Amino acid sequence: MIRRRSDSHQRTNWSRGLLLLAVLPLVASCGDSTGAPVPSRLVITPRTASMDALGLTQQFTATVEDKKGKAISGIAIIWSSTDRGVASVSASGLVTGLRKGTTTIKATAEGLSDQVNVSVDPIPAQIEKVSGDDQTGALNQTLPETVEFEVQDSQGNGLIGIPVTLAVIAGEGTVSPTFGTTDALGRFTATWTLGCSGENPQQLEVRGGGHLAVFGATADLELPAICGTDI
């Protein structure tokens with residue numbers, strides 16, 4: 001009888017051991033489900049941006065995800081721009097276009113990274129008169145003030161290197177030069193000589209980037225003028 005109790009006791013311990021081995025993986029599995037999520041991927045949205053004027057902004061967002069694609073909060077993101085002269089980026093992912101060109105915006109966190117391309121390509125939106133409009137002068141004489149204008153984007157920024165043309169459209173006068181490109185401020189300057197015409201006001205048309213502006217000048221017929229025929 002003593003031997004039987006011993007065998008029964010051993011069988012009970014053996015069964016308990018098997019039960020423990022079966023339970024341990026379940027405990028470990030439960031522990032995994034409640035552990036901290038592991039960063040697996042970083043994604044920037046939107047995937048690209050194009051700016052048609054200087055000074056425009058675009059907000060980017062970087063999301064860190066686990067291996068199941070679920071967003072993980074509370075992770076610090078570091079932002080950078082490969083060409084900060086073209087576009088800058090703030091600590092919150094706000095990008096500002098500064099100069100024509102392209103740059104790459106990059107976000108990094110927890111050893112992960114993603115990047116997107118940003119293009120800054122300002123488009124002429126208007127021609128702003130700077131000086132030389134509504135002058136008064138003598139026939140066949142150069143006006144005292146030079147004609148100056150600026151080709152601007154939609155935000156009022158002067159655009160460099162925009163081809164421009166100039167032409168007298170009323171009064172038979174002359175302008176010099178008649179074509180060129182805008183300077184570092186987006187401006188162009190020319191001299192305007194009134195013609196020997198009785199047409200008043202005389203007019204000068206300037207064009208650039210698909211836009212135009214018209215300058216006007218009044219000929220004072222009482223001022224001395226040297227013209228081939230009487231006006």
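If the only charges are +1 at each Lys and Arg Cβ and -1 at each Asp and Glu Cβ, what is the size of the charge dipole of the range 72-231 around the Cα centre, to the nearest 20 debye? Provide the component values of the computation, followed by the final result.
Working: 7 positive and 18 negative charges, 171 e Å.
For this selection, approximately 820 debye.
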Per-residue ³J(HN,Hα) for the range 88-101, Karplus 6.51 cos²θ - 1.76 cosθ + 1.60, θ = phi - 60°, Hz, x for Gly and Pro:
9, 9, 7, 5, 9, x, 8, 9, 10, x, 10, 7, 4, x
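Arrange the residues Thr193, Thr136 by how much accessible surface each exposes, largest first, with a 1.4 angstrom probe. Kindly include the intermediate steps, with their values, before the conclusion.
Working: Thr193 30, Thr136 80 Å².
Accessible-area ranking of Thr193, Thr136, largest first: Thr136, Thr193.
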Per-residue ³J(HN,Hα) for the range 64-80, Karplus 6.51 cos²θ - 1.76 cosθ + 1.60, θ = phi - 60°, Hz, x for Gly and Pro:
8, 10, 8, 5, 9, x, 8, 5, 10, 8, x, 9, 6, 10, 10, 9, 8
Would you grab the residues whose amide H sits under 5 Å from the one on Gly180? Only those 5+ places off in sequence or on another chain, please, with H modelled 1.01 Å from N.
Val164
Take the Cβ-Cβ distance between Lys100 and Lys129 as r, set R0 to 25 Å, and report the resulting FRET efficiency rounded to the nearest 0.05.
0.55
If you count only protein heavy atoms and use a 1.4 Å probe, how large is the accessible surface of Asp134, to the nearest 10 Å²?
120 Å²
Other-chain or far-sequence residues with amide H under 5 Å of Leu94's (modelled H)
Phe60
Can you give the accessible area of Asp52 in Å² (nearest 10), computed on protein heavy atoms with a 1.4 Å probe?
70 Å²
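Note the full-extension length gain between Asp52 and Glu172 as 0.36 nm times their separation in residues minus their Cα-Cα distance, in nm to one decimal. Don't skip to the end; give the middle numbers.
On the way: separation 120, 0.36 × 120 = 43.20 nm, distance 3.81 nm.
That pair, Asp52 and Glu172, stretches by 39.4 nm at full extension.
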Non-local amide H neighbours of Ala170 (under 5 Å, H modeled in plane, Pro and chain starts lacking H): which ones?
Gln203
Tell me, what is the 1.4 Å probe accessible area of Arg41, in Å² to the nearest 10?
130 Å²
Rounded if a/c is under 1.5, else prolate if a/b is larger than b/c, else oblate: which is the range 72-231, with a ≥ b ≥ c the root eigenvalues of its Cα gyration tensor?
prolate
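To the nearest 0.05, what FRET efficiency results for Ala76 and Gln115 with a Förster distance of 25 Å applied to their C-beta separation? Please list the in-between numbers first.
Numbers: r = 18 Å, r/R0 = 0.70.
Efficiency, from the Cβ-Cβ distance: 0.90.
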Hey, what do the phi angles of the range 168-184 turn into as Karplus ³J(HN,Hα) couplings, whole Hz, using 6.51/-1.76/1.60 and θ = phi - 60°, x for Gly and Pro?
6, 10, 7, x, 6, x, 9, 9, 9, x, 9, 7, x, 10, 5, 7, 5
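The values are calculated or read from the model by the stated rules, or taken from the named source; none is laboratory data. It should be emphasised that the depicted structure is a prediction, and the values quoted were computed from it without experimental measurement. For neighbour counting, all protein chains shown are included, and Cβ atoms are generated from backbone atoms with ideal geometry for every residue, glycine included. Heads up: the accessible areas ignore ligands, DNA and RNA and are worked out on the full protein's heavy atoms, side chains in. Shrake-Rupley method; radii C 1.70, N 1.55, O 1.52, S 1.80 Å.
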